[in-house]
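J.: Have a look at this one before I ask anything.
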Amino acid sequence: MPIEQQLAMKYMQALTSHNYNKLAQFYDRETVFFDRTAGRKYTGGTHILDFLRRAHKGVMEYRFNLEHMYNSGSLVVMIGSYYLKGPGEQFGKPGKIIEIAVSGVTCLELDTSKGRVKEHIDLIDYQTMADQLALQ
C-alpha cells in the first residue's frame with residue numbers, strides 16, 4: 001500500500017475513533033476541512049477540532065466502511081459509507097437513538113513528509129441520510 005494511503009488510513013482511524021489528540025497531529029493552522037455537500041468549511045486545526053467535537057458529541061458508534069481507495073500522488077480518494085449511531089437531538093429526533101449509513105467520498109490532500117492533512121473534502125449523500133431519518 002502506498003505511503004499516502006497508509007497515512008490516509010491512520011487519519012481516518014483517528015477521525016472515526018474520536019481521537020482528538022491524534023487528530024491534532026494531522027492538522028496545522030492552514031489545514032482545511034470542507035464538507036462540500038453541506039457547504040461547511042473550517043480552516044485551522046483548532047477550528048476543525050472544535051467542529052468535530054460538537055458534531056461527534058454523544059455519538060456511540062462512528063465508522064467509515066472503505067469500499068475503494070486510490071491516490072494520485074499526495075491526493076487520496078476514499079469511497080465508501082459512513083455509519084453513525086448516536087443521539088437523535090442532533091438530527092431533530094429528540095429522545096431517540098438514530099442509526100444512519102450514507103455513501104460518501106472523502107478526498108485527502110496530504111503532506112507525507114510532515115504526516116499532515118492539508119485538505120479534507122467530504123462529499124456525502126445527505127438525501128439518503130434525510131430519507132433514513134424520516135423512517136426513524
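J.: Kindly write out, for segment 60-69 in residue order, the coupling ³J(HN,Hα) from the Karplus curve 6.51 cos²θ - 1.76 cosθ + 1.60 (θ = phi - 60°), rounded to whole Hz, with x marking Gly and Pro.
T.: 8, 9, 8, 8, 10, 8, 6, 9, 7, 9
J.: At 0.36 nm per residue, and after removing the present C-alpha to C-alpha distance, how many nm does the segment from Y20 to A38 gain when stretched out fully?
T.: Net length gain for the segment: 4.2 nm.
J.: Need the full-extension length gain, M1 to H56, defined as separation in residues times 0.36 nm minus the C-alpha distance. One decimal, nm.
T.: Taking M1 through H56 to full extension adds about 16.8 nm, to one decimal.
J.: Quick one: pull the percent of accessible area on the chain belonging to carbon and sulfur, 1.4 Å probe, ligands and nucleic acids left out.
T.: 50 percent
J.: Mind putting a number on the dipole of the chain about its Cα centre? Charges go on the C-beta only, +1 for Lys and Arg and -1 for Asp and Glu, and I need it in Debye to the nearest 20.
T.: The dipole of the chain has a size of about 420 debye.
J.: Related question: Remind me, relative contact order of the chain in percent, using alpha carbon pairs under 8 angstrom and six or more residues apart?
T.: That works out to 24 percent.
J.: List every residue whose amide H lies under 5 Å from the amide H of D28, counting only residues 5 or more places away in sequence or on a different chain, with H placed 1.01 Å from N in the peptide plane.
T.: G45
J.: Let me ask you something else. Quick check: from the Cα gyration tensor, does segment 38-90 come out rounded (a/c under 1.5), prolate or oblate?
T.: Oblate, because a/c is 1.5 or more while a/b does not exceed b/c.
J.: Going by the alpha-carbon gyration tensor, a ≥ b ≥ c the square roots of its eigenvalues, is segment 1-112 rounded (a/c under 1.5) or, if a/c is not under 1.5, prolate (a/b greater than b/c) versus oblate?
T.: Prolate.
J.: Here is a further query. Could you pull the accessible area for E4 with a 1.4 Å probe, rounded to 10 Å²?
T.: In the full protein context, E4 sits at about 40 Å².
J.: Please work out the FRET efficiency for the pair L135 and Y70, using the Cβ-Cβ distance as r and a Förster radius of 25 Å; give the result to the nearest 0.05.
T.: 0.15
J.: Let me ask another. Please report the antiparallel percentage of DSSP beta bridges with both residues in the chain, rounded to the nearest 5.
T.: Percent antiparallel among DSSP bridges in the chain is about 90.
J.: Sticking with this structure for a sec: Could you go through segment 81-86 in sequence order and give the Karplus-derived ³J(HN,Hα) for each residue, using 6.51 cos²θ - 1.76 cosθ + 1.60 with θ = phi - 60°, rounded to whole Hz, and x for Gly and Pro?
T.: Whole-Hz 3J(HN,Hα) from phi for segment 81-86: 9, 9, 10, 9, 10, x.
J.: Which ³J(HN,Hα) values, rounded to whole Hz and listed in residue order, are derived for segment 8-16 from phi using the Karplus coefficients 6.51, -1.76 and 1.60 in 6.51 cos²θ - 1.76 cosθ + 1.60 with θ = phi - 60°, glycine and proline given as x?
T.: Residue by residue, segment 8-16 yields 4, 5, 5, 5, 5, 5, 5, 5, 6 Hz.
J.: Still on this structure: Taking only protein heavy atoms and a 1.4 Å probe, what accessible area per residue, in Å², does the chain have with all protein chains in place?
T.: Dividing the accessible area of the chain by its residue count gives 55 Å².
The values are calculated or read from the model by the stated rules, or taken from the named source; none is laboratory data. All values reported here derive from a predicted model rather than from experimental measurement. Cβ atoms come from the backbone with ideal geometry, glycine included; neighbour counts cover every protein chain shown. To get the accessible areas, we keep the full protein, side chains included, count just its heavy atoms, and leave off ligands, DNA and RNA. Shrake-Rupley method; radii C 1.70, N 1.55, O 1.52, S 1.80 Å.
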